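Below: one structure, written as structure tokens.
The values are calculated or read from the model by the stated rules, or taken from the named source; none is laboratory data. Just so we're clear, the structure is a prediction, and the values are computed from it rather than from any experiment. Neighbour counts are summed over all protein chains in view; Cβ atoms, including those assigned to glycine, are modelled from backbone coordinates with ideal geometry. SASA here: full protein model, heavy atoms, side chains in, ligands and nucleic acids out. Shrake-Rupley method; radii C 1.70, N 1.55, O 1.52, S 1.80 Å.
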Amino acid sequence: VYVKENTYMLRRVGIAASVAAAGAATLQRRAAESHAAAPAPESLAAQRPPSVVRVAPLDDPPDVTLEYFALRGLGELPRLILELTGIPYDSVYHFGTGVYKPYAPFGQLPVLRDGPLLICESGAIARHPDSR
């Protein structure tokens, strides 16, 4: 009886491994196809338009918008605080285009827009959700 059960389990494990291998091959093929269709940027200084990630319901645009570069840095703490407090917001990721310079104070990021209010400096942005 032990040999039959063990053979049955080995057969089940073999089938599961085959299915997993086929799934991994499919995922690798899809990833290769998607990378071929849209080449990855060579650097963060690539000339690309800003990307917007909405952390709010699509039918109700949020009042709060946080803008920073497409990397972790001074914009990460405000983003985590907005996530923790549950405030709906748009997160705008900038690349090396400099489109933010005309409206950002001192031409620098991060910038938080809360309705008509525009806040710069990461420490002030991190404290703002508390006053809301």
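Summarising the strand pairing of the range 41-132, around 70 percent of its internal DSSP beta bridges are antiparallel. Note on surface exposure: 90, 63 rank 63, 90 by accessible area, highest first, 1.4 Å probe. In the range 60-132, taking the dipole from charged Cβ atoms about the Cα centre, the farthest positive-side position among 111, 82, 95 is held by 95.
The simple spin-label model puts a point 7 Å past each Cα toward its Cβ; for residue 108 and residue 74 those points are separated by 0.4 nm.
Cβ under 14 Å from residue 57's Cβ, residue 57 left aside: what net charge do those residues give with Lys, Arg +1 and Asp, Glu -1? Neighbourhood net charge equals -3. Computed from label points 7 Å out along Cα-Cβ, the spacing between residue 55 and residue 130 is 1.8 nm. When you filter the chymotrypsin sites (Phe, Trp or Tyr not before Pro) in the range 55-114 for DSSP loop state and at most 13 other Cβ atoms inside 10 Å of their Cβ, you are left with 103. Summarising the label geometry, the points placed 7 Å from Cα in the beta-carbon direction at residue 84 and residue 120 lie 2.6 nm from one another.
Taking only protein heavy atoms and a 1.4 Å probe, the accessible area of the range 81-132 is 57% carbon and sulfur.
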